[in-house]
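Data block below; observations after.
The values are calculated or read from the model by the stated rules, or taken from the named source; none is laboratory data. In this text, all values refer to a predicted model and were calculated from it rather than measured experimentally. For neighbour counting, all protein chains shown are included, and Cβ atoms are generated from backbone atoms with ideal geometry for every residue, glycine included.
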Amino acid sequence: MSQAALPHSTKSPQGSRVARFLRNYYIYLVLVAVVVVMSIANLDRFDLFERGNFLNRNNIINILRVSAPLITLAGAFTLLMVSGHIDLSIGSAMSLCGVVYAMLAIHGVPFPVAFALAIALGMGLGAINGFLVVRLRITPVIATLITLSLYKGVALLLVEDGVSAIKSGDGLPMPGWFNAYGRDAVLFGLPMAFWVAVVVTVVLIVAQNRTLLGKYAAATGGNPTAAKLSGIRTGELVFLLYVIVGGTAALAGIARSSFMSLGDPLSGDGTELAVILVVLLGGTAFSGGEGRVMRSFVAALIIMALTIGMLTMIPAYFQTLVLGATLLVAAASNHLVSRRKPPS
C-alpha cells in the first residue's frame, strides 16, 4: 500500500486540546454564564453589583442554603448512575424520612436519636431498592417506581387526616432545636445542612477517585459482564450504592424539614427529576460507565441559580417549562457526547 493511501487524522492538536478542555471544564463555564446572564437580566443594564438582585452576598448565601438537599443527593446519585442504575424513589424517600424526623422531634425524641433514626430509615429504604434490583432482578426503573409510590403512601399515612403536614400545634410544639440543622445553626452565614452536604460531596469525590468504589462503579456501568468476569461483586456494589443513596435521601429530608419547620409528606415531589437533571447536566452517562461527582456538585449550583433567578424574572408557570427544556438539552447533549466518545 502506498504512503498516500494511508489514513491520517485531519484534526489538529490545537483542536483536540480545545475539545478536551471544553469536555472537562464546560460545566464551570456554564455556571459562570448563568450567573452573568441572571445578573444582567435582573438589572436590565450592564451594572452587575450596585442595583442587582442576583449577584450579591445575600442572594448567593440564599442559593447555597436552599441547594443543600440537592447537593446532598447529587453525589451519591451520580455514583449510582455511573454503575448503570437509577433510583426514582429518591424524592419519596426524602419526604418519608423528613416526616419521621418531624414526628420523632415533636414527640420529644432528642436531636441525636431522631437524626440517627432518620438516617437509618433512609438507608433501610435504599436497602429495599437494592434488594428489589439485585436479588429479585427487577429493572431499576420499575423497582424504584414501585417504591416511589410505596414510600409516598407511607408518608401520607403517617400524617393525620385533615392535616397537611406534621408541625407545631397546641398540644405538641416543635422543639427549639428542630430548625437548627437546616436554618438557624449557621457557620459563615450558611446552615449546618449545607456544610454536611459539602462534606458528603467531598467524601464521595475521594471515594470515586481514590477507592475501589468509584472504579468498580464505572466498571459495572461500562460493561457489567466484564466486571463480573474480572471478579467484581457487582450485586453487592449496586446494593451498597442504593443504601448510600437512601442515606443521602434521609439527610436531604432532614434538611428540608428543618428548613421548613415541619414534616411534609409531599416535600420531595419532583426531586427525582431535579437530581436526574443535575446528574445529566454534569455529564454523567445515562447508560452508565462515566460521570464525575464534582461536576454534579457544580450542576446542582447551576440548577439552583436558575431556579432562584427565575423567581424574579419570569412567571411561575414558565419556570417548569424552562427546567424541562433544560433537562431536554442536557439529555440530548449527554446522548451526543456518549455517541461520539471513542471506543475503549
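Structural remarks
- Qualifying residue in region 140-163 (condition: surrounded by 14 or more Cβ atoms within 10 Å (Cβ to Cβ) and free of Cβ contacts under 8 Å to residues at least 12 places away in the same chain): no
- Whether a residue is buried (at least 18 other Cβ atoms within 10 Å of the Cβ) and either assigned to a helix (DSSP H, G or I) or touching a residue at least 12 places away in the same chain (Cβ under 8 Å) (or both) was assessed, and Ala180 does not pass this test.
- Answer from Ala300, Ala227, Ala250 - the residue that is at pLDDT 90 or above, under 12 Å from the mean Cα position of the chain (by Cα) and among the small types (Gly, Ala, Ser): Ala300
- Contact map, region 184-211: first residue assigned to a helix (DSSP H, G or I), second residue loosely packed, with under 13 Cβ neighbours inside 10 Å, Cβ cut-off under 8 Å, separation 6 or more or different chains; pairs are Trp195/Leu187.
- Single residue of region 147-165 satisfying the filter (β-branched (Val, Ile, Thr) and closer than 11 Å to Ser95 by Cβ) that is nearest to the chain's Cα centre (by Cα): Val154
- Among the residues of region 314-332, at least one is closer than 20 Å to Gly221 by Cβ, of a type outside the set (Ser, Thr, Tyr), surrounded by 13 or more Cβ atoms within 10 Å (Cβ to Cβ) and modelled with pLDDT under 70.
- Test: residue in region 92-108 that is in a loop (DSSP other than H, G, I, E, B), over 18 Å from the mean Cα position of the chain (by Cα) and under 26 Å from Gly176 (Cα atoms): yes
- Exactly one residue out of Gly253, Gly291, Gly247 is touching a residue at least 40 places away in the same chain (Cβ under 8 Å), within 20 Å of Val198 (Cα to Cα) and not in a helix (DSSP H, G or I), and it is Gly291.
- Qualifying residue in region 197-219 (condition: of a type outside the set (A, V, I, L, M, F, W, C), within 23 Å of Gly253 (Cβ to Cβ), out of contact with any Asp or Glu (no Cβ under 7 Å at 6 or more places or on another chain) and surrounded by 14 or more Cβ atoms within 10 Å (Cβ to Cβ)): yes
- Residues satisfying the stated conditions in region 146-164, i.e. under 28 Å from Leu301 (Cβ atoms) and either part of a loop (DSSP other than H, G, I, E, B) or modelled with pLDDT under 90 (or both): none
- Pairs with Cβ under 9 Å, 6+ apart, first in region 18-38 and without any contact (Cβ under 8 Å) to a residue 12 or more places away in the chain and part of a helix (DSSP H, G or I), second exposed (fewer than 14 other Cβ atoms within 10 Å of the Cβ) and of a type in the set (Lys, Arg): Ala19/Lys11
- Note on region 220-232: among residues that are of a type in the set (Val, Ile, Thr) and in contact (Cβ under 8 Å) with a residue 12 or more places away in the chain, the one that is surrounded by the fewest Cβ atoms within 10 Å (Cβ to Cβ) is Ile232.
- Test: residue in region 136-154 that is on the phi > 0 side of the Ramachandran plot and of a type in the set (Lys, Arg): yes
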